[in-house]
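Following: one structure in structure tokens, then a few remarks.
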Number of protein chains: 2
Amino acid sequence: MNCELLAVGTELLMGEIVNTDAQIIARGLNEHGFNVYWQTVVGDNPQRLREAVETAKRRADVLVTTGGLGPTADDLTKETVAAVFGRPLEMDPVQLARLKERMGPAMTPNNEKQAMLPRGCTVLVNDWGTAPGCAFEQDGCHVIMLPGPPRECAPMFRERALPYLETLCGGVIGSRYVKIFGVGESSMETLVKPLMDSLSGVTMAPYAKEGECELRITARAETRPAALALCDPVVEQVRAILGNRVYGVDVSSLEEVVVRGLQQRHMTIAFAESCTGGLLAKRLTDVSGASQVFGYGCVTYWNEAKTGLLGVQPETIRQHTEVSAECAIEMARGVRRLSGADIGVSTTGYAGPTGGTEENPVGTVYIGLSWPGGETVLRPDRRYMRTREQVRRSAASHAFDLVRREVLGL
Amino acid sequence: MNCELLAVGTELLMGEIVNTDAQIIARGLNEHGFNVYWQTVVGDNPQRLREAVETAKRRADVLVTTGGLGPTADDLTKETVAAVFGRPLEMDPVQLARLKERMGPAMTPNNEKQAMLPRGCTVLVNDWGTAPGCAFEQDGCHVIMLPGPPRECAPMFRERALPYLETLCGGVIGSRYVKIFGVGESSMETLVKPLMDSLSGVTMAPYAKEGECELRITARAETRPAALALCDPVVEQVRAILGNRVYGVDVSSLEEVVVRGLQQRHMTIAFAESCTGGLLAKRLTDVSGASQVFGYGCVTYWNEAKTGLLGVQPETIRQHTEVSAECAIEMARGVRRLSGADIGVSTTGYAGPTGGTEENPVGTVYIGLSWPGGETVLRPDRRYMRTREQVRRSAASHAFDLVRREVLGL
């Protein structure tokens, strides 16, 4: 089925916000076997909104609108869609009662407008905000209207719109997300291409994001568990091809894998950061529950902090500079000693835009690791590092990946 | 003039990436007095692309396309636009030579396609990638084609497309960006509304983003300095209204203001972080040049790190818990002593989603400050804090703001 997304909102048109709703919905529709052919953005303008709805009615099997369901006079989506499809709006008493209960004394007369819905529609109950969504079919076009704020739109799409759409096409979709670090997108695609081409009944789609890759593996079946059971053998085939560059399945991040792995093993970790400047600690503590495995981090930007706080030998820095394998190892050892943690991890390098030497240009980073199983230093490939942000992010990701592989054996 | 943005790319349509180009261009056009009425996304499909271009030709004064200028067979934008507007593509020898020089031995025959441009167009030279952009006017419609990758599209729009468009409307635009912290968007709008309504020849637009606000003040004049000279008195009026909630003009962030302020005063800063878990150090070291003012940071997530590393008294934690004004002050003092920095800043709180007490629920944060001018503790308002990420970001922003106001007097 051919889908069109229509986002309604002057704040999008003026560039005040970015249209993340469109990405979330487009990706979700594609994963469920719907083709998205058009995305359009219009402002809170009745004529242009009407033109956009009429165009979509003519060319799409499914029209998904976002935004314009709120209480103010600017919010025109339901009125316009209802007019184009010839369905009068009617007060829904259940939604009105719900609104009144939710809003309490903040309920004003214009808020009642949110409970006006097209006659005969399926109500998409909004547990994440005030404006309900709705869905109906007319003249061969399925219309779904969702609220605009992303923290409402994303769950409304996932929990309300997708189940509605699944009833249209028989069966449900199940997906596994294979997360990959340490191989570029094009190399990964080359490696998995033969498998991808050999699949039937299961699809595989690659994505690249912030120095990592992801493979989405999707199948359709009568039930979600049955669909996932079709995906799982393909996940194992991907693991066989990519080895431990696969860092997890259906997990959110490298740092989450590290936190969960350390929790299971009752191990603790400490950081001594120079070039990453706190990013390792920040990313680890983004994971709820990090406090079980992480108690100490040091940001030692200056050499006197490396020597004074971590016990790096001044002679090491004199002989090798602070951006060296030798300094990285002494930092990792030092923070382990200081904190009593099982694992010490360090970073030292040139994040740029200035600094660096001929031998160690901007982008060079050494990552040190010290743990009961031994010590090691990693110097990641510095190609493709364009900005300070990229250098720092890549260094932090490599540090987490080193812990995952060397210490956790994952 | 009425503008339409047309993004071409299947990866956008499938939701693999978000359309940040549209936001950057829409905002830039609006700031320069152009009205954006439509944004459309189509895939690399010749029929639908042609339909979109024909529609835009009919209804827009300015059509800006992004994407589809590359070397592969999928890249169809120039071919389709040229066909709709009846302008043949011709090889541009200057751009071909430039391409050959830029690509060297990586130059393949299909790359030559990138130097094919519509007859009589203005070439928009691409210093950020291989595919040149172009602009022309025909039948009352101005067409501008830009490459899709955001790191090329953004500078191409700013440095090439905007100057071209400015020639169309006489005069140039100058804008000042007033950055504001410590007041919500709606309160700020209420405060500046009388000034906003009284302006003529100068426009003022509010934006809200990640716990901060911004006012863009814009004027048009013969030259950029003349336009800015019209803005500057309005900037002063805003300062008079909002006081030191204005943390800077034309600056990027609170942490940048802090780094520059410390550099000027030859002062140094150190961090003792609990709930922010490295975010203070990370944000400060996002600013290039931070190493001049920052040498030491400690992430003391556990109480034994607070006592052992920073010298917080165990009795203080027993009596007041680790989330208390007393603990925050001892942490700030401790890291100042440990590092020898002029300023010590600490954070301790409940970032959530679990933890907290009745008296200090999730979202409660204490920020400690110790410096030669004295000591202080801040407990920011915890309302509006919904997620762990918001609590941590807000705590870090409040810490930088405290340093700015108390120490730097900015």
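Nothing in this text is a laboratory measurement; each read-out follows from the coordinates by a stated rule. Just so it is clear, the structure is predicted and the values come from calculations on it, not from any experiment. Heads up, the Cβs are rebuilt from the backbone with ideal geometry, glycines too, and the neighbour counts pull from every protein chain shown.
What the table shows:
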| item | result |
| --- | --- |
| Exposure proxy order (Cβ contacts within 10 Å, fewest to most) of A:371, B:38 | A:371, B:38 |
| Computed magnitude of the charge dipole of segment B:294-410 (debye, nearest 20; Cβ of K, R +1, Cβ of D, E -1) | 360 debye |
| Inter-part distance where segment A:163-198 and segment A:276-305 are each reduced to a Cα centre, Å | 34 Å |
| Shape category assigned to segment B:180-219 from the gyration tensor of Cα positions, a/c cut at 1.5 | oblate |
| Nearest-ten-degree value, helix B:20-31 long axis tilted from longest Cα axis of chain B | 90 degrees |
| Helix B:388-402 vs. chain B, principal-axis angle (Cα, 0 to 90°, nearest 10) | 70 degrees |
| Candidates B:368, B:308, B:68: whichever shows maximal mean-square fluctuation once chain B is modelled as a Gaussian network with Cα springs under 10 Å | B:308 |
| Nearest-ten-degree value, helix B:93-103 long axis tilted from longest Cα axis of chain B | 40 degrees |
| Segment B:176-274 shape via C-alpha gyration tensor axes, a/c threshold 1.5 | oblate |
| Sparsely packed GluC sites (Glu not before Pro) within segment B:202-271, loop by DSSP, other Cβ within 10 Å at most 11 | B:210, B:222 |
| Nearest-first distances (nm) between copies at residue A:187, label 7 Å from Cα via Cβ | 5.2 |
| Relative contact order of chain B, pairs being alpha-carbon contacts under 8 Å that are 6 or more residues apart, as % | 10 percent |
| Exam field: residue B:251 pseudo-label spacings to other copies (7 Å along Cα-Cβ), nanometres | 4.0 |
| Spread of Cα-to-Cα distances over 5 Å intervals beginning at zero, given as percent, for segment A:288-410 | 2, 12, 21, 24, 20, 14, 6, 1, 0 |
| Simple Cβ-charge dipole of the protein assembly as shown, Lys/Arg +1 and Asp/Glu -1, about Cα centre, in debye nearest 20 | 640 debye |
| Estimated D of segment A:69-115 in µm² per second, where Rh is the Kirkwood radius over Cα pairs and Stokes-Einstein applies at 37 °C, 0.692 mPa s | 288 µm²/s |
| Dipole-positive endmost among A:233, B:103, A:290 within the protein assembly as shown (Cβ charges, Cα centre) | A:290 |
| Cβ-based exposure ranking for A:223, B:218, A:376, in which fewest neighbours within 10 Å come first | A:223, A:376, B:218 |
| Diffusion coefficient, µm² s⁻¹, Stokes-Einstein with Kirkwood Rh over alpha-carbon pairs of the protein assembly as shown at 4 °C and 1.567 mPa s | 44 µm²/s |
| Segment B:77-180: relative contact order in percent, alpha carbon pairs under 8 Å with at least 6 residues between | 18 percent |
| Rounded, prolate or oblate (a/c below 1.5 giving rounded, otherwise prolate when a/b exceeds b/c) for chain A by Cα gyration tensor | prolate |
| For segment A:271-410, share of DSSP beta bridges that run antiparallel, in % to the nearest 5 | 65 percent |
| Inter-copy label distances at residue A:139 (7 Å, Cα→Cβ; nm, one decimal) | 2.7 |
| Isotropically averaged projected area of segment A:1-148, using the convex hull of Cα atoms (one quarter of hull area), nm² | 8.6 nm² |
| Where the Cα pairs of segment A:14-59 fall when distances are cut into 5 Å bins, in % | 4, 18, 22, 21, 23, 10, 2 |
| Rotationally averaged projected area of segment B:39-90 (alpha carbon convex hull; nm²) | 3.7 nm² |
| Loop trypsin sites (Lys or Arg not before Pro), segment A:70-174, which have at most 14 other Cβ atoms in a 10 Å radius of their Cβ (DSSP) | A:119 |
| Computed over segment A:197-254, Cα set: Rg, Dmax in Å | 12.0, 36 |
| Beta bridge orientation in segment A:48-168: antiparallel %, DSSP, nearest 5 | 70 percent |
| The protein assembly as shown: antiparallel DSSP beta bridges as a percent of all, rounded to 5 | 65 percent |
| Neighbour-count order for B:267, B:156, fewest beta carbons within 10 angstrom listed first | B:267, B:156 |
| Neighbour cut-off at most 15 other Cβ (10 Å), DSSP loop, trypsin sites (Lys or Arg not before Pro), segment B:339-403 | B:383, B:386 |
| Orphan Cys of chain B, criterion: no other Cys C-beta under 4.7 Å | B:3, B:141, B:153, B:169, B:213, B:231, B:275, B:298, B:327 |
